[in-house]
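What follows is calculated from the coordinates using simple rules that are stated; it is not laboratory data. The shown structure was predicted, so the numbers you read here are calculated from the model rather than taken from an experiment. Ideal geometry is used to build each Cβ from the backbone, glycine not excepted, and the neighbour counts take in all protein chains shown.
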Ligand SMILES: [Cu+2]
């Protein structure tokens, strides 16, 4: 016997509607700032997001102008904030790649650059 009815679908639709209402974790701002120039190689990169992050699945990767990884690989998450310590990497264009899992279980990622030097 078929048990499906149109009314069974409504709770599911409400669930999706609620999920969409809370936006995913998007990059709000960063230090060093996105696209900006800093005089000295920064000791760390910090990103702020629009939603709280799940520490276990949120990472930052940073490479220097030569394409070498300069992050220590140990990303720290505190609420909506995520940081990683950097090794000295010289001047030039740094690439920051991030991937985060927000508490609403959605994954987002992105990347940006900043400049180091005069
Ligand atoms: Cu989301």
Full-extension gain between residue 106 and residue 34, please, as 0.36 nm times their residue separation minus the C-alpha to C-alpha distance. 23.6 nm
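Given an 8 Å cut-off on Cα distances and at least 6 residues of separation, report the relative contact order of the range 23-116 as a percent. Before the final figure, lay out the partial values.
Details: 242 pairs, mean separation 32.8, N = 94.
Across the range 23-116, relative contact order equals 35 percent.
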Enter the Cα centre distance for the pair the range 35-71 and the range 98-117, rounded to the nearest angstrom. 9
To the nearest 0.05, the calculated FRET efficiency linking residue 56 and residue 91 through their beta-carbon distance, R0 being 25 Å, is 0.15
Separation of the residue 118 and residue 66 label points, Cα + 7 Å toward Cβ, nm: 2.1
